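Peer 1: One structure, as structure tokens, below. Some questions next.
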């Protein structure tokens, strides 16, 4: 018999299964109302438009869409992305764009190209667990920055930047898991700090176009260009975008927008990883999104998700015990709730499932794990239909009430 | 300005651009007849069947195909693959199968999970350059095994295995770049050696079903099961398969078939890399391949590619100077030619392009680079239509003739 454990690389011991993806398997029973996944509403997928786009692409570009293609991606799609990213005046070009298999692959490739063993990595706490999962095998040294309603604390960040960390990773808009947004003032301050300390930031922005209240805030790459007095993407920001939340996750199309000086190495990492992303799905996305369809579709998503967010917040007000507190996001798919510290939300997950409702325990979003965030949990408000949101929050409230009255504080 | 070179990880210095992919860009001018790419014949893509499959999948499973899915892959496709791999009696199950974004991603994930800095890696010389590109950043110590018409030299392999290398990587059928096949006897001998020395092998088999002459030979995982007297995939072989060469590369669907004991870590690596492969393209492939279509389609590919192989070999006989020698593959997409050692085929590539014909210089397929294989070149016979094969080989023969008469031997 082969002892596979002994054959594994050291980095493999740092790999973990995604707790969310394991939880999702538990919550697929139809009687369970799940707020666990980061799933868009499937009834809003533009299935018919995708179907005609697929037929048109195969009719008109079949052999090209089915053959090997360029590692950088399909030209028409890269141009579409570059143009969208240039809307507020920064001149993003096709050459800045590398198409990848969802933003998760973008995270993976960036880590591969930039992270040495022991490099300093600055993250919000809590942060996106998929990034932790991708980068932990590179064994970075994590610095966590606490956050409030306006995003990360710049005073703490300044102290950390003196230690010369390799990079920052941020989800500035409607962050996963908290749903909070980095304020305009702090974006400006952050960019100044990066220039002062020769820092760089990964701006992961899957939810930016899903805003339901408050004013739009420019992206970090736009603040960076403004600070430098240039209109190029040529500074301290590598940007990650995706069609997963605004079109459909199943196409697995995301992108990296990066300064030209690092693009060559990212393309090499992409070639080694999988040669290139499917030209078929790239062509389909470009065909679906064109002629203003994507913008119209996003308007519709905003309307639906806004009402689901509002309904979830109102239901929480109505059904949650007084000791539970939560964020009130202006957009995105998630909010995060805090129970009293003695509650272990990972432990309580089983009881929630008995109550036929599911959430994601917060622990894995914290660099410090359960000790830091064991009493928190993330709720998704985009996936469940309105009646389910109300009923699911009622069930969750009843469960929490039960547990809080039973246990001594 | 950011000094991105200084920001890069050490492993990034070990990354290289694929010379093939760079060459492909040069050879897209219509006047050039290219034998450079590893491209299937685009006129044989089953475009209409893929189109109806896409429509059916979106009609019947639209929301599922467009939503996030399981990291392991779509059940229907995993079952299809497992059943095909079980045809000769080894009972491969769904749980042995991880769907990946082309076999290249399979290579990447396996390296990530198994290779430590400095680990011994045994390869044929020459070997698949995409593997070298993916694994060089892990800084393995390469052992090369020379090959003859029957594949790698087992006496040399035995001496190498005493050094306890981490793994072997092989393309046993119609190897890229040489087109040679590991004989049945040596497969048996190889498996015995692996058991004697506690070795493992990655069996990369993109071309196995594209045999045009000679008898089918069982796969290494089948010899391994027979040696162990089991009918399970539970031994010393991790297998890589792909639909790229038998259906279409643009769907980017491949798979890893592995013993269950290492599957968990491979799935974790897949989650970190890109969560999962597109369920849309997975569903489409499963729908296209079903009801015996894939087997019928492969028969058609075999007929066409066999005649192209024969035509290329006959044209080489007719047009190539006497000092050029080449392999005569029983299948696959490639053959490899050897010029006299003083010819630098990388240097001559520019002259070939002036003659409006292209090949891939062999140097990058050799671990030792130009010093070992500078005088070799790879030719693809699947992509160009018959008239082009004849004319392209004529041009290449004329160029070689010219160069050989000009230069002193």
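The values are calculated or read from the model by the stated rules, or taken from the named source; none is laboratory data. Note that the coordinates shown come from a computational prediction; the quantities given were computed from them, not determined experimentally. Neighbour counts run over all protein chains shown; Cβ positions are idealised from the backbone, glycine included.
Peer 1: Residue A:174: touching a helix residue (DSSP H, G or I) at 6+ places or on another chain (Cβ under 6 Å), buried (at least 20 other Cβ atoms within 10 Å of the Cβ) and under 23 Å from residue A:134 (Cα atoms), yes or no? Don't jump to the end; show me each part of the working.
Peer 2: Values: touching a helix residue (DSSP H, G or I) at 6+ places or on another chain (Cβ under 6 Å): no; buried (at least 20 other Cβ atoms within 10 Å of the Cβ): yes; under 23 Å from residue A:134 (Cα atoms): yes.
So residue A:174 does not fit the description; no.
Yes or no, residue by residue, for (1) closer than 30 Å to residue B:115 by Cα; (2) touching a residue at least 60 places away in the same chain (Cβ under 8 Å); (3) more than 21 Å from the chain's Cα centre (by Cα):
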position: B:241; (1), (2), (3): yes, yes, no
position: B:257; (1), (2), (3): yes, yes, no
position: B:263; (1), (2), (3): yes, yes, yes
position: B:267; (1), (2), (3): yes, yes, yes
position: B:274; (1), (2), (3): yes, yes, yes
position: B:283; (1), (2), (3): no, yes, yes
position: B:291; (1), (2), (3): no, no, yes
position: B:300; (1), (2), (3): no, yes, no
position: B:309; (1), (2), (3): no, yes, no
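Peer 1: Just checking, which of A:93, A:63 is surrounded by fewer than 22 Cβ atoms within 10 Å (Cβ to Cβ), facing chain B (nearest Cβ under 7 Å) and more than 20 Å from the chain's Cα centre (by Cα)?
Peer 2: A:63
Peer 1: Still on this structure, please answer the following. Going residue by residue through the stretch A:247-266, is there one that turns out to be within 21 Å of residue B:104 (Cβ to Cβ), surrounded by fewer than 23 Cβ atoms within 10 Å (Cβ to Cβ), out of contact with any helix residue (DSSP H, G or I) (no Cβ under 9 Å at 6 or more places or on another chain) and within 10 Å of chain B (Cβ to nearest Cβ)?
Peer 2: Yes; the residues of the stretch A:247-266 include at least one that is within 21 Å of residue B:104 (Cβ to Cβ), surrounded by fewer than 23 Cβ atoms within 10 Å (Cβ to Cβ), out of contact with any helix residue (DSSP H, G or I) (no Cβ under 9 Å at 6 or more places or on another chain) and within 10 Å of chain B (Cβ to nearest Cβ).
Peer 1: If a residue has to be exposed (fewer than 15 other Cβ atoms within 10 Å of the Cβ) and at pLDDT below 95 to count, how many in the stretch B:358-401 make the cut?
Peer 2: Number of matching residues: 3.
Peer 1: Across the stretch B:30-41, which residue is surrounded by the fewest Cβ atoms within 10 Å (Cβ to Cβ) among those that are in contact (Cβ under 8 Å) with a residue 60 or more places away in the chain and farther than 16 Å from residue B:207 by Cα? Outline the logic, then answer.
Peer 2: Kept after step one, since they are in contact (Cβ under 8 Å) with a residue 60 or more places away in the chain, are these residues of the stretch B:30-41: B:31-41.
Now restrict to residues that are farther than 16 Å from residue B:207 by Cα: B:31-36.
On the way: B:31: 5, B:32: 18, B:33: 24, B:34: 24, B:35: 27, B:36: 26.
Result: B:31.
Peer 1: For the stretch B:55-145, list the strands (runs of 3 or more DSSP E) that sit wholly inside it and hold at least 1 residues that are within 13 Å of residue B:167 (Cα to Cα) and in the same structural domain as residue B:208 (by TED's automatic domain parsing); which are they? Give the derivation first.
Peer 2: On the way: elements: B:97-100, B:120-124, B:141-145.
Ranges flagged: B:120-124, B:141-145.
Peer 1: Whether any residue in the stretch B:76-83 is within 14 Å of chain A (Cβ to nearest Cβ), surrounded by 16 or more Cβ atoms within 10 Å (Cβ to Cβ) and touching a residue at least 40 places away in the same chain (Cβ under 8 Å) is what I want to check. Full working, then the answer.
Peer 2: Pass one, the stretch B:76-83, residues within 14 Å of chain A (Cβ to nearest Cβ): B:77.
With the extra rule that they be surrounded by 16 or more Cβ atoms within 10 Å (Cβ to Cβ), the set shrinks to B:77.
Add one more test, that the residue is touching a residue at least 40 places away in the same chain (Cβ under 8 Å), and what stays is B:77.
Among the residues of the stretch B:76-83, at least one is within 14 Å of chain A (Cβ to nearest Cβ), surrounded by 16 or more Cβ atoms within 10 Å (Cβ to Cβ) and touching a residue at least 40 places away in the same chain (Cβ under 8 Å), which makes the answer yes.
Peer 1: Quick check on residue B:313: is it in contact with a strand residue (DSSP E or B) (Cβ under 8 Å, 6 or more places away or on another chain), surrounded by fewer than 22 Cβ atoms within 10 Å (Cβ to Cβ), assigned to a helix (DSSP H, G or I) and away from chain A (no Cβ under 12 Å)? Steps first, please.
Peer 2: Working: in contact with a strand residue (DSSP E or B) (Cβ under 8 Å, 6 or more places away or on another chain): yes; surrounded by fewer than 22 Cβ atoms within 10 Å (Cβ to Cβ): yes; assigned to a helix (DSSP H, G or I): yes; away from chain A (no Cβ under 12 Å): yes.
So residue B:313 fits the description; yes.
Peer 1: Let me ask another. Are any residues in the stretch A:132-143 in contact with a strand residue (DSSP E or B) (Cβ under 7 Å, 6 or more places away or on another chain) and buried (at least 24 other Cβ atoms within 10 Å of the Cβ), and if so, which ones?
Peer 2: Step one: list which residues in the stretch A:132-143 are in contact with a strand residue (DSSP E or B) (Cβ under 7 Å, 6 or more places away or on another chain), which gives A:135, A:140-143.
Passing the criteria: A:135, A:140.
Peer 1: Ok, one more. If you check A:130, A:102, which single one turns out to be touching a residue at least 60 places away in the same chain (Cβ under 8 Å), on the phi > 0 side of the Ramachandran plot and within 11 Å of another protein chain (Cβ to nearest Cβ)? Give the steps one after another, and end with the answer.
Peer 2: Numbers: A:130 fails: on the phi > 0 side of the Ramachandran plot.
Criteria check complete, one pass: A:102.
Peer 1: Do we have residue A:192 as part of a loop (DSSP other than H, G, I, E, B), away from chain B (no Cβ under 14 Å) and more than 19 Å from the chain's Cα centre (by Cα) here?
Peer 2: Working: part of a loop (DSSP other than H, G, I, E, B): no; away from chain B (no Cβ under 14 Å): yes; more than 19 Å from the chain's Cα centre (by Cα): yes.
The answer is no for residue A:192.
Peer 1: Consider residue A:203 carefully, then state whether it is more than 14 Å from chain B (Cβ to nearest Cβ), touching a strand residue (DSSP E or B) at 6+ places or on another chain (Cβ under 8 Å) and assigned to a loop (DSSP other than H, G, I, E, B). Explain how you work it out, then say what you get.
Peer 2: On the way: more than 14 Å from chain B (Cβ to nearest Cβ): yes; touching a strand residue (DSSP E or B) at 6+ places or on another chain (Cβ under 8 Å): yes; assigned to a loop (DSSP other than H, G, I, E, B): no.
Here the answer is no, as residue A:203 does not meet what is asked.
Peer 1: For the stretch A:1-29, give me the residue count where each residue is over 29 Å from residue B:233 (Cβ atoms) and surrounded by fewer than 18 Cβ atoms within 10 Å (Cβ to Cβ).
Peer 2: The number of residues fulfilling the criteria is 1.
Peer 1: Additional query: Just to be sure, is residue A:152 without any contact (Cβ under 8 Å) to a residue 60 or more places away in the chain and buried (at least 19 other Cβ atoms within 10 Å of the Cβ)?
Peer 2: Answer is yes for this residue.
Peer 1: Continuing with this model, one more query. Being within 9 Å of chain A (Cβ to nearest Cβ) and either touching a helix residue (DSSP H, G or I) at 6+ places or on another chain (Cβ under 7 Å) or assigned to a helix (DSSP H, G or I) (or both): is that true of residue B:49 here?
Peer 2: Values: within 9 Å of chain A (Cβ to nearest Cβ): no; either touching a helix residue (DSSP H, G or I) at 6+ places or on another chain (Cβ under 7 Å) or assigned to a helix (DSSP H, G or I) (or both): yes.
Against the criterion (within 9 Å of chain A (Cβ to nearest Cβ) and either touching a helix residue (DSSP H, G or I) at 6+ places or on another chain (Cβ under 7 Å) or assigned to a helix (DSSP H, G or I) (or both)), residue B:49 does not qualify.
Peer 1: Which of the residues spanning the stretch B:7-36 are closer than 26 Å to residue B:386 by Cβ, at pLDDT 90 or above and either at the interface with chain A (Cβ under 9 Å from one of its Cβ atoms) or assigned to a loop (DSSP other than H, G, I, E, B) (or both)?
Peer 2: B:31, B:32, B:35, B:36 - these are the residues of the stretch B:7-36 that are closer than 26 Å to residue B:386 by Cβ, at pLDDT 90 or above and either at the interface with chain A (Cβ under 9 Å from one of its Cβ atoms) or assigned to a loop (DSSP other than H, G, I, E, B) (or both).
Peer 1: Let me ask another. Report the residue count in the stretch B:156-171 for those that are assigned to a helix (DSSP H, G or I) and touching a helix residue (DSSP H, G or I) at 6+ places or on another chain (Cβ under 7 Å). Before the answer, list the steps.
Peer 2: We begin by selecting, within the stretch B:156-171, every residue assigned to a helix (DSSP H, G or I); these are B:156-161.
With touching a helix residue (DSSP H, G or I) at 6+ places or on another chain (Cβ under 7 Å) added as a condition, the list becomes B:157-158, B:161.
Of the residues in the stretch B:156-171, 3 are assigned to a helix (DSSP H, G or I) and touching a helix residue (DSSP H, G or I) at 6+ places or on another chain (Cβ under 7 Å).
Peer 1: What is the one condition in (1) within 14 Å of another protein chain (Cβ to nearest Cβ); (2) over 21 Å from the mean Cα position of the chain (by Cα); (3) within 26 Å of residue B:363 (Cβ to Cβ) that residue B:160 does not satisfy?
Peer 2: Condition (1) is where residue B:160 drops out.
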